[in-house]
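The block underneath contains the structure these notes are about, expressed in structure tokens.
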Amino acid sequence: MRKTLVAVSAALALGACKKTGEGEYQVQTPTVTIGTDTHTVRTPTMGTTTDTVNVPVVGTKKDTIIVDRPVVGSKKATVTRPTVRKP
């Protein structure tokens, strides 16, 4: 009985919504007086941001004719990370 009640209430809640645009939903809510109000709810969108970071690099450098010595340096690398944009 409880699962049926939850399923029916979820179906009614989804029936009161309609999609208007990309990431926008119009929701009708009951008011104290007779009737309903319509509100627009915007969902957050996902995107990516590109950052430049310095990463360590290990290499070798000629010291003499026979010996190569290790050298630690850095280089710039581009990384992308996910971001959430709020409505």
Per-residue HN-Hα couplings for segment 46-55 [Karplus 6.51, -1.76, 1.60; θ = phi - 60°; Hz; x = Gly/Pro]: 9, x, 10, 10, 9, 10, 10, 10, 8, 10
Within the under-10-Å Cβ sphere about Arg69, not counting Arg69, Lys/Arg +1 and Asp/Glu -1 give a net charge of 0
Length gained, Val67-Val41, 0.36 nm per residue minus C-alpha separation, equals 2.6 nm
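Here, each number is a calculation from the coordinates, and none is a lab measurement. None of these values were measured; they are calculated from a predicted model. We place every Cβ from the backbone using ideal geometry, glycine too, and count neighbours over all the protein chains shown.
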